[in-house]
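Student: After the structure tokens below, expect a handful of questions from me.
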Amino acid sequence: MQLSGEVASKGKLERDDVTLDRLAAVGQIAAGIAHEVRNPLTAVKGFLQLLKAEQPHSYLDIAAVELENALITLQNLLNVSKPDFVSEDYSLINLCSEIESILYLFQDQIYKIDIKKNFKNTDVKIYGKRNQLKKAFFNLLKNAFEAICDHGTVTIQHYIQNKNIVVSIEDTGVGIPKEKIGLLGTPFFTSKDTGTGMGLTQVYSTIYEHNGKIEVSSDNNNGTHFKIYFPIEKIVDNGVITLQNLIYNEKHNFQEFFAINQNRFNELIKENGKNVWETLKERDDIEENFLINSVHTVVQLISENEEYAILTYAKEQGKNWARLNLDLILIMEWFQILRKLYWDFLFNYHSHNSIDQNSFFELERRVNFNLDTLLKHFVSSYSECKNQLIQAQNEVIDELNVPIIPLSETMAILPIIGMVDTRRAKKIQESVLYQIYQQKIKHVIIDLSGVAYMDTAVLGHLFNIVNGIRIQGCKSVLTGIRPEITNTIVELGIDLNEKVETKGSLQQAIYDYNQLMK
């Protein structure tokens, strides 16, 4: 029997209500337990620290680490059970932009996983807590990537449906048994071999807190499909906000106003740039106040309209970020937060100190010109320094990748390992011919057992190397040619016997050479 649309919709709403009631009840119980357990564990942690100070022991170190893990788990449980504990302001959010920035964190996975995106209605925004939503979508994408064992696809869609923004995340992974789908979002329930289930609990809590809904479809070995619905609200965004707890003095200029509200500025930039802040805090080689100090310098230079000083400082910071191997996407996100917060402070300052229209447009032109100058020279300096570092690394790698290993005064081995592209083939050619000349080598065994693939252009360079070796009066032998490379040679119709001697393995070539020398 097929249900009518009205009955089916009613049944779906009832299921949603049951899910919400169940998760809310479980959350309340979990939060109560977590709160009661955390207090005695905190006391135990204090006594452990006293014991470690009086009588250090490796067992106490292990106990302290495990206890800290337990406390972190309990805190996570409190956060996802009662998300209001997490203090964060609501703001307008473009989900497409946030998802794009999250995907940068999975760049190490794209070699085996194909990411397909279909983003529509990209100009529509929702009103929510940015960091909580970013964490929720990070957890969903992380689960999707981890569900794929070998190669697969993650498909992400964004579109409007029935006055809702829909975000769809679908993977081709191992899937979830249908009978267990109803338990998703429950604390400590997970279908993984390892994991706590807290990630999806945070997802469900955050989505429901934003008046959203989640639909899940999955089956064993058929992947999983999450669809998240957010209601579209009519919101007017004036681009700036009225900030609370700021100190005003009608005699102060903007620099003085900023100075007395500096601590509030620090709080806001940490809160708005939480993702960047937490990422850099994990780095042991970066000082805690690295970002705050740099922001204060930028604000000062822009306020003083020191164009050349801005340019010089931007170049210096670009090199610093490149040398510290910090991602450019982080500075772009941090810069965007800085620009908005700077204008928020200007807005709040001039709301108490009136400014005429002409002066405002002059201020806008000057501030944005200086900010754009900062960004332009920072990115240019960052890219230049990064390219120099990469070039220096490549030169070191090139030297290490062409080691001729002497076995006797006249005989050597050239082991080639890893992928060989045109650039590397040219480097090998230059280095090998030079070393043969310098060391007066008469026999070279070129071992290719560590090379899985060569395209036609690289094969041409390989034969150039062989010809060059022969021109210098040296005999070469190729060993360890893999079937994949052999297929390419055969398809090209190349007769190796006319060009170079071949052996099945390096051991065979060495043995034959020793026999020849006897």
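Student: What percent does the relative contact order of segment 254-394 come to when contacts are Cα pairs within less than 8 Å and at least six residues apart?
Tutor: Numbers: 83 pairs, mean separation 56.0, N = 141.
Once normalised by length, the contact order is 40 percent.
Student: Please work out how much length the chain gains when fully extended from ASN387 to ALA63, using 0.36 nm per residue of separation minus the C-alpha to C-alpha distance, in nm with one decimal. Walk me through the numbers before you get to the answer.
Tutor: Details: separation 324, 0.36 × 324 = 116.64 nm, distance 4.62 nm.
Computed gain between ASN387 and ALA63 is 112.0 nm.
Student: For the residues ASP356, ASP344, what sequence is obtained by ranking on other C-beta atoms within 10 Å, fewest first? Don't skip to the answer; put the middle values down first.
Tutor: Numbers: ASP356 8, ASP344 18.
With the sparsest Cβ surroundings first, the list reads ASP356, ASP344.
Student: If you don't mind, there's one more thing I want to ask. Please report the projected area of segment 254-394's Cα convex hull averaged over all directions, in nm².
Tutor: Working: hull surface 35.3 nm².
The number I arrive at for segment 254-394 is 8.8 nm².
Student: To check my understanding: the extent here is largest minus smallest coordinate of the Cα atoms along each principal axis. What are those three numbers for segment 91-231, in Å, largest first?
Tutor: 37, 33, 26
Student: Could you work out the relative contact order of segment 405-517? I mean the mean sequence separation of Cα pairs under 8 Å and 6+ apart, divided by the number of residues, in percent.
Tutor: Details: 156 pairs, mean separation 30.2, N = 113.
About 27 percent, as a whole number.
Student: Arrange the following residues from fewest to most other Cβ atoms within 10 Å of their Cβ: MET411, MET332. Write down the numbers at each step before the final one.
Tutor: Numbers: MET411 19, MET332 15.
Fewest-to-most Cβ neighbours within 10 Å comes out as MET332, MET411.
Student: So if I take the alpha carbon set of segment 405-517, get Rg, then get Rh from the Kirkwood formula, what is the Rg over Rh ratio? If you can, show how the numbers build up before the last one.
Tutor: Working: Rg = 13.3 Å, Rh = 14.2 Å.
So for segment 405-517, dividing Rg by the Kirkwood Rh gives 0.94.
Student: Still on this structure, please answer the following. Please order ASP447, ASP114 by the number of other Cβ within 10 Å, starting at the fewest. Before the final figure, lay out each step's value.
Tutor: Numbers: ASP447 22, ASP114 12.
With the fewest neighbours first, ASP447, ASP114 line up as ASP114, ASP447.
Student: Roughly speaking, what is the stretch gain from GLN439 to VAL124, that is 0.36 nm per residue apart minus the C-alpha to C-alpha distance, in nm to one decimal? Present the calculation step by step, with values, prior to reporting the outcome.
Tutor: Details: separation 315, 0.36 × 315 = 113.40 nm, distance 6.84 nm.
Fully extending the segment from GLN439 to VAL124 adds 106.6 nm.
Student: Say a paramagnetic label sat at a point 7 Å from the Cα of THR456, along Cα to Cβ; which residues of segment 466-508 have their backbone N under 15 Å from it?
Tutor: Residues passing the 15 Å test: 487-495.
Student: Can you give the FRET efficiency for LYS116 and ASP421, using 1/(1 + (r/R0)^6), R0 = 35 Å, r = Cβ-Cβ distance, to the nearest 0.05? Write down the numbers at each step before the final one.
Tutor: On the way: r = 28 Å, r/R0 = 0.79.
Between LYS116 and ASP421 the formula returns 0.80.
Student: Which FRET efficiency value, to the nearest 0.05, is calculated for GLU278 and ARG323 with the Förster distance at 22 angstrom and r the Cβ-Cβ distance? Mind dumping the intermediate values first?
Tutor: On the way: r = 21 Å, r/R0 = 0.97.
Working from the Cβ atoms, E equals 0.55.
Student: Compute the FRET efficiency between GLN49 and GLN244 as 1/(1 + (r/R0)^6), taking r as their Cβ-Cβ distance and R0 = 45 Å, and round to the nearest 0.05.
Tutor: Details: r = 37 Å, r/R0 = 0.83.
About 0.75, to the nearest 0.05.
Every number in this text was worked out from the coordinates using simple rules, so none of it is lab data. Predicted model, so just to flag it, every value in this text is computed and none were measured. All Cβ positions, even for glycine, are placed from backbone atoms using ideal geometry, and neighbour counts span all protein chains on display.
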